[in-house]
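The values are calculated or read from the model by the stated rules, or taken from the named source; none is laboratory data. If you're wondering where the values come from, they're calculated on a predicted model, not measured in any experiment. Every residue, glycine among them, receives a Cβ derived from its backbone with ideal geometry; neighbour counts consider all protein chains shown.
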Amino acid sequence: MPGVRRTVRARFPADFSRFLAFFTMLATDSDPIVAIATAPGRGGIGVVRISFGRAGEAAAQPMMQALTGQTLAPRHASYVPFLDDGGNALDRGIALYFPAPHSYTGEHVLELQGHGGPIVLQLILQRCIDAGRAFGLRLAEPGEFTRRAFLNDKLDLAQAEAVADLIEASTEAAVRSAGRSLEGAFSRDIHALVEEVITLRMLVEATLDFPEEEIDFLEAADARGKLARIRERLALVLSEARQGALLREGLSVVLAGQPNVGKSSLLNALAGAELAIVTPIAGTTRDKVAQTIQVEGIPLHVIDTAGLRETEDEVEKIGIERTWGEIQRADVVLHLLDARSGVTRDDESIAARFPSGVPIVRVLNKTDLTDVAPGVIGLNGIGDADLCEVRLSAKTGNGIHLLRGELLRIAGWQAGAESVYLARERHLIALRAAQENLRLAAEHADQNSQALDLFAEELRLAQEQLNSITGEFTSDDLLGVIFSRFCIGK
Ligand SMILES: Nc1nc2c(ncn2[C@@H]2O[C@H](COP(=O)(O)OP(=O)(O)OP(=O)(O)O)[C@@H](O)[C@H]2O)c(=O)[nH]1
Ligand SMILES: [Mg+2]
């Protein structure tokens, strides 16, 4: 089976204990498994799925007989009873048999589509486990079906992750980009990059064997030009992946400022609902109020906090401590001010405590009470941190769209980006590491032939990083983490 071949090549461990663990894992990775594949709760239909693993057809045939009383034609929908051990129907539904390798997991798979009640599905599941006891059928772990699909070369790792992301996607844009990753767009781009790196590596490695020709090599083979093109392409993939990661993770936006400046009003205006209590009394908000809103499909986790001031009130003090905690964790801080007073001393001391490097948007609120017009201006931040000022009114809604626009800009969102794939932080880290390896390779190339072996080494490292995205050289630990975050039955 091709999957096993890849497994051995990609995961052969160095020391003996890991060697043993490796074979144990191979063994459990081919256990027959079963799970309810549909969401918990009540629904029109519910699906119980069995992947037969190493037990194969020898188990699938008697199992079909036991569960449905008949032999099922491959890939045909048959309307059958689902039988208990006494031969009585627990339910009736559609049974589908997918012989290997033409199934989701690449193994022999049996799917029972019954009615979607939690108890009836539990009964069918239990019946499967009882009937399959003879050949070691067990309950699947989270993500185990997809893990099989990966091990059997049905999906690569980036595609397998896209399955989970598609299930979890909370916006249309996230669904579309997870779909692109699942369909293989991201993996294809990564493979294309790997191919180019390999071509360059072959040239370099060949030259290393003939040291006297090294000097000519970089010129003759246009190694620098090739490397530059790879770097350009990688930068493009990284920027699309960054957009995708944004769709998946969103941005945490904290509203901070003195009491009564209109933080809760702004949260309500952004969310379009009366979520937080608004009163003219300073110190209204004591505890944080969080709401996720969508702006062009990007989830913004907006957090309203207690107003910052000196206080003797015990409860308010705790609230203010929490505000500072939220500010430390923020991706963006909205520093709210009352447009009538502008930046006061207290605001300056608040701003001085903001963490460095976090983008700050100064929001001049209540412009309706002044002659200040809604607008945006860029300001010089400290260091390279982003700082701008948005003038608006949370009460009338004037200028709110400008704030949304600024948040998208800070997030790095490019409107109308069609070719986004839903990437994860893990992918970004690998892409950035590969980018750094290629940058170092370019540096070595500039130092000419003395550094040719270092040039080759950086290319090798870059290739390893890229391969980790699609799972060609991924450690078992990482696989465990990735698949354990799936739901059971997927
Ligand atoms: N005219 C006007 N009033 C506003 C605006 N935004 C907020 N207010 C008023 O200002 C008062 C305080 O608003 P809140 O949203 O509760 O202020 P806050 O910053 O959350 O206050 P704390 O929770 O006490 O820190 C309320 O009476 C609001 O109606 C605005 O844009 N224009
Ligand atoms: Mg408030």
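Inspect segment 388-399 for any residue being surrounded by fewer than 13 Cβ atoms within 10 Å (Cβ to Cβ) and at pLDDT below 95 and give the result as yes or no.
No, every residue in segment 388-399 fails to be surrounded by fewer than 13 Cβ atoms within 10 Å (Cβ to Cβ) and at pLDDT below 95.
With the structure loaded, tell me whether residue 319 is within 11 Å of ligand 1 (Cβ to nearest atom), over 31 Å from the mean Cα position of the chain (by Cα) and either at pLDDT 95 or above or in a helix (DSSP H, G or I) (or both) or whether it fails that test. Step through it out loud before you land on a result.
On the way: within 11 Å of ligand 1 (Cβ to nearest atom): yes; over 31 Å from the mean Cα position of the chain (by Cα): yes; either at pLDDT 95 or above or in a helix (DSSP H, G or I) (or both): yes.
The answer is yes for residue 319.
Do you know which of the residues in segment 363-387 that are crowded, with 16+ Cβ neighbours inside 10 Å and of a type in the set (A, V, I, L, M, F, W, C) is modelled with the lowest pLDDT?
Ranking the candidates gives 387 first.
Out of segment 170-193, which residues are touching a strand residue (DSSP E or B) at 6+ places or on another chain (Cβ under 9 Å) and either β-branched (Val, Ile, Thr) or not in a helix (DSSP H, G or I) (or both)?
170, 171 - these are the residues of segment 170-193 that are touching a strand residue (DSSP E or B) at 6+ places or on another chain (Cβ under 9 Å) and either β-branched (Val, Ile, Thr) or not in a helix (DSSP H, G or I) (or both).
What residue, among those in segment 99-112 that are more than 29 Å from the chain's Cα centre (by Cα) and surrounded by fewer than 21 Cβ atoms within 10 Å (Cβ to Cβ), is nearest to residue 73 (Cα to Cα)?
So in segment 99-112, the residues more than 29 Å from the chain's Cα centre (by Cα) come out as 99-100, 108, 110, 112.
Right, trim to surrounded by fewer than 21 Cβ atoms within 10 Å (Cβ to Cβ) and you get 99-100.
Values: 99: 10, 100: 13 Å.
Ranking the candidates gives 99 first.
Output the residues belonging to segment 313-355 that are among the aliphatic types (A, V, I, L, M) and closer than 15 Å to residue 259 by Cα.
Within segment 313-355, 315, 318, 320, 334, 336, 337, 339, 343, 350, 351 qualify.
Checking residue 333 against (1) crowded, with 19+ Cβ neighbours inside 10 Å; (2) within 15 Å of ligand 2 (Cβ to nearest atom), only one condition comes out false. Which one?
(2)
For segment 459-471, check the following and say yes or no: at least one residue is in a loop (DSSP other than H, G, I, E, B) and modelled with pLDDT of 85 or more.
Yes - at least one qualifying residue is present in segment 459-471.
Which condition does residue 309 not pass, out of (1) farther than 24 Å from residue 408 by Cα; (2) within 14 Å of ligand 2 (Cβ to nearest atom); (3) surrounded by 20 or more Cβ atoms within 10 Å (Cβ to Cβ); (4) of a type outside the set (A, V, I, L, M, F, W, C), if it passes all the others?
Against the list (1) farther than 24 Å from residue 408 by Cα; (2) within 14 Å of ligand 2 (Cβ to nearest atom); (3) surrounded by 20 or more Cβ atoms within 10 Å (Cβ to Cβ); (4) of a type outside the set (A, V, I, L, M, F, W, C), residue 309 comes up short only on (3).
Which of the residues that make up segment 248-303 are without any contact (Cβ under 8 Å) to a residue 40 or more places away in the chain, within 16 Å of ligand 2 (Cβ to nearest atom), under 30 Å from residue 420 (Cβ atoms) and among the small types (Gly, Ala, Ser)?
Initial filter on segment 248-303 (without any contact (Cβ under 8 Å) to a residue 40 or more places away in the chain): 267, 271-291, 293.
Filter once more, keeping what is within 16 Å of ligand 2 (Cβ to nearest atom): 267, 271, 273-291.
Applying the additional criterion that residues be under 30 Å from residue 420 (Cβ atoms) yields 267, 271, 273, 275, 290-291.
Scanning segment 248-303 gives 271, 273, 290.
Considering only residues that are assigned to a strand (DSSP E or B) and over 28 Å from residue 29 (Cα atoms), which ones fall in segment 53-112?
Within segment 53-112, 78, 79, 80, 81, 83, 89, 90, 91, 92, 93 qualify.
How many residues are more than 28 Å from the chain's Cα centre (by Cα), among the aliphatic types (A, V, I, L, M) and either within 9 Å of ligand 1 (Cβ to nearest atom) or outside the structural domain of residue 363 (by TED's automatic domain parsing) (or both) when one looks only at segment 258-295? Quick ask: steps written out before the conclusion?
Kept after step one, since they are more than 28 Å from the chain's Cα centre (by Cα), are these residues of segment 258-295: 258-266, 268-269, 273-287.
Subset that is among the aliphatic types (A, V, I, L, M): 261, 266, 269, 273, 275-278, 281-282.
Next, from what is left, pick out any that are either within 9 Å of ligand 1 (Cβ to nearest atom) or outside the structural domain of residue 363 (by TED's automatic domain parsing) (or both): 261, 266, 269, 276-278, 281-282.
So the count comes out to 8.
Could you grab me the full set of residues in segment 351-362 that are at pLDDT 85 or above and of a type in the set (Gly, Ala, Ser)?
Answer for segment 351-362, where residues must be at pLDDT 85 or above and of a type in the set (Gly, Ala, Ser): 351, 352, 356.
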